[in-house]
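This report concerns only the one structure given below.
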Amino acid sequence: MRPSFLTSALLLLASCSATTESHPSPSTRFVYPSGLEFWRPAGSLPPSTNGYLFVASANFDSCFDSGAVMAVNLDSIGQGQGKPLPTLDPAQPFSGTPLEITELNVPSEAYVQIDSFAGEMASWSNPGNGGLPRLFVPSRAKNNFLHAIDFKLDGGTGALACAQSGAGRDCAQNALSLTSDIPHSAADLPRAPSPIGVTVDPASGSVYVTHSEAADSPARTSKNFANYLVSVPADNPVRDNLEFILLSRDGLTYGGTDATAVGDGYLYVTGRNYVQGSSGTVGASFILRLVDKFDHTHVIEPNVFSQVRISEARGAQVVRAPVDPAAPLVRKERLYMLARGPDTLLVFDFEYKLPDPALGEVRPSTPSFRIVSTVPMPGGTSELRLVRRSKGSVGDNIIAVTSTTDGALSLYDEKLGQVVAQVALGTGLNQNTNPTQSFGLAVDNPDGELAAGAAGRINAARVFVTNFGAGQVTVVDIPDLNRPQDARLVARIGTRQERDLRQGTSVCEENNP
């Protein structure tokens, strides 16, 4: 049976602590790490610094009172152990035995609490904060919050601050609920239960959130299901600015949603094939919906089933092809999407024309699409990220894919059209007591991702993967982007999370911040 951590049954696990004392998630280790993001100061290149890794602890089995987000300074971890993280240096690639780095060295100012059951994480370069990251983390606990957290540098030391509460270390205070007190709601709609995916459009500054369970009306009746893509501005994520984009309009089927990829004219939203009803799972299905960025009431369902049979979708990302000066309104976009049933990486090419105001057009044209490739993947595909060989490249990327069942990181080289590496992330220990369940992804990709004008060229990349079941973050280096098959496991960060087989949950360890 697939060891998925997204099932609603697990969300009902009782807390391991029977006391009423406060037991926040610890800052000394990760507890079911889920989403993560990477950041390096603008203009800097390795090996000058390893940068920061932002990690969300989901507290999935309720051992603690809360989840957490930590800003992990990758130059500081493991120093007391004599195991500092090696820098990403193509001139001296790591070649030793993978390091087990348990010392996080996270100061109190680099730690905040959030609600439990965190999903993905996204970051936005906040111009009001000198371009430093603002982090967004949805959680599937009772309040279905979207947390906003600001990263700050105080004398070169990283710190986190709750953007919505304004004070304290508990960012669940005044966080934005996606199911309660929704403006203009009627009969419990709209709302977005079990938010999980989050994406920021850097062009518009809009945050988009998906929810893995469809919303019923009235709540808990399993009637009148609907599902939404939630939008809120990154610079002011408050209740009055919420927008619920109805995806199940005009006779389109409802279902859970997973990820959003941002194009110039459309938002690509992936779908799950079930919702949770009062009597159990209720079948519902869609694979992909396109939302018009100019008119959110215009929702298209491309007939993916006409070309490929899959049961549901997961992570997605878009790359835009260079614009042809002879046809400046024509957009060609490549969509990478993960599927389950069977587990597959799908690569699509979409083409459409943006609206021409001079002609009175208000919508993009209906896109055409074709499937470029279908690539078998290990079981439980979850997330993907692009590793770019050069900025703005199309058709020359490496696609990093996580698989929760297999516990591996797969690297697909689209230039070669094949999977060139599968890096085992586990320890080789018994998966029942030390499960891996690779999930979240972040990439340190200096050549492909650094802002224009950064000095130097680094033909290498580092991939970070959350090992959800093991309570660790794994570090994988690609020392030469022209040879991704040489990817190597560098380190596992965090104390390994032991599992209590009698309860099927982790061993609760009272380890306060």
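The values are calculated or read from the model by the stated rules, or taken from the named source; none is laboratory data. In this text, all values refer to a predicted model and were calculated from it rather than measured experimentally. Here the Cβ positions follow ideal geometry from the backbone for every residue, glycine too, while neighbour counts run over all protein chains shown.
Some points to look at:
- Any chance Leu252 is in contact with a strand residue (DSSP E or B) (Cβ under 8 Å, 6 or more places away or on another chain), within 30 Å of Gly379 (Cβ to Cβ), at pLDDT 95 or above and not acidic (Asp, Glu): no
- Neighbours by Cβ (under 7 Å, 6+ apart or cross-chain): first from region 437-456, buried (at least 19 other Cβ atoms within 10 Å of the Cβ) and at pLDDT 65 or above; second in a loop (DSSP other than H, G, I, E, B) and of a type in the set (Phe, Trp, Tyr): Gln437/Phe5; Gln437/Phe468; Phe439/Phe468
- Residue count for region 322-350, restricted to those that are closer than 22 Å to Leu384 by Cβ and either modelled with pLDDT of 95 or more or crowded, with 17+ Cβ neighbours inside 10 Å (or both): 18
- If you go through region 480-513 and keep only what is in a loop (DSSP other than H, G, I, E, B), at pLDDT 60 or above and of a type outside the set (D, E, K, R), you end up with Leu481, Asn482, Ala487, Gly494, Thr495, Gln497, Val507, Cys508.
- Every residue from region 353-380 that is over 27 Å from the mean Cα position of the chain (by Cα) and buried (at least 20 other Cβ atoms within 10 Å of the Cβ): Pro364
- Lone unmet requirement of (1) within 18 Å of Asp477 (Cα to Cα); (2) out of contact with any Gly (no Cβ under 7 Å at 6 or more places or on another chain); (3) in contact (Cβ under 8 Å) with a residue 60 or more places away in the chain for Ser66: (1)
- Flag for Asn105 being assigned to a loop (DSSP other than H, G, I, E, B) and either among the acidic types (Asp, Glu) or under 30 Å from Ala261 (Cβ atoms) (or both): no
- When residues of region 209-225 are limited to those that are out of contact with any Pro (no Cβ under 7 Å at 6 or more places or on another chain) and among the hydrophobic types (A, V, I, L, M, F, W, C), the one surrounded by the fewest Cβ atoms within 10 Å (Cβ to Cβ): Ala219
- Within region 68-97, if we keep just the residues that are part of a loop (DSSP other than H, G, I, E, B) and among the β-branched types (Val, Ile, Thr), the residue that is surrounded by the fewest Cβ atoms within 10 Å (Cβ to Cβ) turns out to be Thr97.
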